[in-house]
Structure formats: C-alpha cells, structure tokens
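Have a look at the structure below before the remarks.
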Amino acid sequence: MSKIAILIPCYNEGLTIKKVINDFQRELPQAQIYVYDNNSTDDTYTIAVNAGAIVKKEPRQGKGNVIRQMFFDIEADYYLMVDGDDTYPAEACHQLLAELENEQADMVIGDRLSNGTYFDENKRAFHDFGNNLVKNSINYLYQADIKDVMTGYRGFNRIFVKSFPVMSSGFQIETEFTIHALDKRFKLVEIPIDYRDRPEGSESKLNTFSDGFKVLKTIFKMCKDYKPMFFFSIWFALFFILGLLVGMPVIVEFVKTGYITKVPSAVLATGIMILALLLLVTGFILDTVVTDDKKQYELNLYRLYAEKRSGSD
C-alpha cells in the first residue's frame with residue numbers, strides 16, 4: 001500500500017487546526033498527518049497533538065523554512081500539502097491523489113480561482129490584482145496556462161519532493177513550486193476546488209504589500225536564475241536603445257562635418273554600449289551554465305527514478 005503524508009504547516013491556527021486534522025482523518029484514515037508548528041503563540045501545538053497528528057516544532061520562521069524541513073524529514077510515496085486555516089476542502093484530496101497515483105501528474109494544484117469561490121470569499125484588497133500579476137508573469141515567461149499559481153493546496157509525488165531545492169523562506173514557496181515545476185518540465189494537473197474564507201476570529205498571516213513584494217522579487221530572481229538569456233537580453237535592449245539615443249547626435253555630427261565636438265556625449269554613449277554588450281555576453285554565459293545545470297538535474301532524476309524502481313521490486 002502506498003504511503004500518504006498530509007503536510008500541514010501552522011502558525012497560530014489553534015481555532016481551526018483540530019477540524020483540519022479531523023477532516024483528513026475522515027477522508028484518508030490510512031494517511032499520516034504531520035503538523036509542523038512554526039513558533040505559534042497560541043495552543044496550536046497542544047491541540048494538534050491531542051487531535052492525533054504527528055507534531056513537530058520548526059523554530060526558523062517562515063512557511064518556506066517549514067516546508068523545507070518537512071521535505072527533509074518525511075518519507076512517503078505521495079504528499080498532500082494544505083494550510084491549517086480550514087480554507088481548503090479535505091474531500092478534494094481524493095481527486096488530487098488520483099492524478100498522482102495514476103502518474104498523470106508529479107504535482108497537482110488545487111485551483112481556487114477557476115470556479116470563482118476564491119473571489120467570492122476573499123475580500124482582501126489587492127489580492128486579486130496580485131494573484132493575476134504573478135500568474136500572468138509566470139505564464140508569459142514559460143508559455144504556460146496555469147490558473148492558480150499561489151494556492152496552498154497541492155499534491156506531490158516522491159520524485160518531485162526529493163528533487164525540489166527549497167530556496168524561499170516565506171510564502172513565496174508556492175510561487176517557487178510552480179516555477180520549478182514548469183522549468184523542470186514536471187507533469188502538472190490543476191483540479192478546481194472550492195475555497196472558503198477563514199472562520200470568524202481567524203486571521204490571515206499574509207501581508208498584501210510586503211508578501212506581494214517578496215513574491216515579485218522571487219519572480220524577478222527566478223527569471224534571472226532560470227531564464228538568464230531572456231533576463232539579460234531585456235537589459236541589453238534597454239541600454240542599447242539608450243546608447244543609440246545618446247550617441248545618435250554624435251554620429252550625425254561626424255557624418256556631416258567629419259569632426260566630433262560632443263565629446264562628453266560620445267564618451268557616455270560608448271560607455272553605455274560597452275555595458276549593453278557586457279550584459280549580452282553575461283546572458284550567453286549564464287545561459288550555458290543554466291543549461292549544464294539542467295543536464296545535471298536530469299541525471300539526478302534518473303537516479304531517483306532508479307531508486308523508485310528498485311524499491312518497488
């Protein structure tokens with residue numbers, strides 16, 4: 001029988017954690033439920049222990065740090081990650097698991113946005129704008145059509161979990177999951193789910209502006225790290241055009257008179273063009289490095305798949 005792990009990262013979810021655990025115990029009685037408490041100041045830890053979950057404490061603050069430790073510690077065939085705030089339906093777990101067990105997906109996304117329930121329930125200002133900005137940026141960058149980039153309800157197989165390098169420390173981890181899966185050509189499936197708002201008295205840990213800025217910073221950084229040719233080509237084009245604008249009067253003057261009197265403009269235009277060329281060369285070099293890194297990553301996947309086959313024999 002396949003081993004299933006439910007991963008619930010928590011910070012001050014004493015009001016809802018018991019219900020979340022009980023719901024998954026009802027839907028997946030054969031699964032092991034792990035709650036990692038991230039320095040809660042309420043009774044989340046005690047409630048989770050009494051509810052029958054496997055509970056540990058993670059002292060490094062941030063959801064990314066919690067997920068990183070969970071991936072290190074927990075051995076399973078399939079993993080379901082869900083928030084402890086009771087906003088995601090436990091009964092959707094069967095659909096997520098089915099896609100993993102049928103090998104149709106390496107990561108399954110619980111899509112809150114397609115059926116409109118997220119927009120009906122979530123009233124926080126600018127969240128719709130932020131979700132769409134992140135989603136559209138990633139879809140453009142990878143020519144994809146992901147509906148919900150930042151959902152906290154996901155399923156993974158063992159290969160994905162054990163080959164995923166967690167780089168983010170906070171809520172950017174969801175964005176990182178999606179970008180990594182697209183960049184490394186993992187199989188993705190989205191399952192529309194119902195989203196319900198937090199019960200009265202439960203507060204979101206997200207900050208619209210600071211966390212939104214962190215997510216945009218993550219996209220910027222991952223564009224540089226995963227698509228360096230695209231990233232540096234944009235900067236090359238900007239500085240090349242700027243160099244032309246500064247240098248064009250100098251060129252026109254030289255063509256007409258054979259002399260250059262606008263020496264400062266000539267020096268500035270030359271410097272800008274040199275910088276543009278350096279940016280382009282940097283893009284070429286880093287693109288070669290990233291391509292080599294992808295080859296090494298693929299070889300590591302071969303090893304993980306070989307371990308999986310030997311373990312099932």
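Readers should treat all values here as calculations from the given coordinates under stated rules, not as data from a laboratory. This structure is a prediction, so every number in the text was calculated from the model and none was measured. Here the Cβ positions follow ideal geometry from the backbone for every residue, glycine too, while neighbour counts run over all protein chains shown.
Applying 0.36 nm per residue to the separation of Phe220 and Met248 and subtracting their alpha-carbon distance, the gain on full extension is 6.9 nm.
Between Ala31, Ala144, Ala53, the residue with the greatest mean-square fluctuation in the GNM of the chain (Cα pairs under 10 Å linked by springs) is Ala144. The trypsin sites (Lys or Arg not before Pro) found in region 29-75 that occupy coil by DSSP, while having at most 15 further C-beta atoms within 10 Å, are Arg60. When Rg and Dmax are taken over the Cα atoms of region 1-58, they come to 10.9, 38 Å.
Debye-formula intensities of the chain, expressed as log10 I(q)/I(0) at q = 0.07, 0.08, 0.12, 0.15 Å⁻¹, are -0.36, -0.45, -0.84, -1.21 (one equal scatterer per alpha-carbon, no solvent).
Computed about the Cα centre, the dipole magnitude for region 15-65 is approximately 100 debye when only Lys and Arg (+1) and Asp and Glu (-1) carry charge, each at its Cβ. Between Asp293, Asp37, Asp148, where does the largest GNM mean-square fluctuation fall for the chain, given springs only between Cα atoms within less than 10 Å? With Cα springs under 10 Å in the chain, the top fluctuation among Asp293, Asp37, Asp148 is at Asp293. The fraction of all Cα pairs in region 36-188 landing in successive 10 Å bins from 0 to the largest distance is 10, 37, 39, 13, 1, given as whole percents. The residue list Tyr11, Asn132, Ser114 was ranked by how far each Cα lies along the charge dipole of the chain toward its positive end, using unit charges on Cβ atoms, and Asn132 comes out on top. Computed on region 1-101, the Cα convex hull volume stands at 89 Å³ per residue. The chymotrypsin sites (Phe, Trp or Tyr not before Pro) of region 224-290 meeting both criteria, a DSSP state outside H, G, I, E and B (loop) and at most 10 other C-beta atoms within 10 angstrom of the site's C-beta, are Tyr259.
GNM remark for the chain: springs join alpha carbons under 10 Å apart, and the peak mean-square fluctuation among Glu13, Glu58, Glu101 falls on Glu101.
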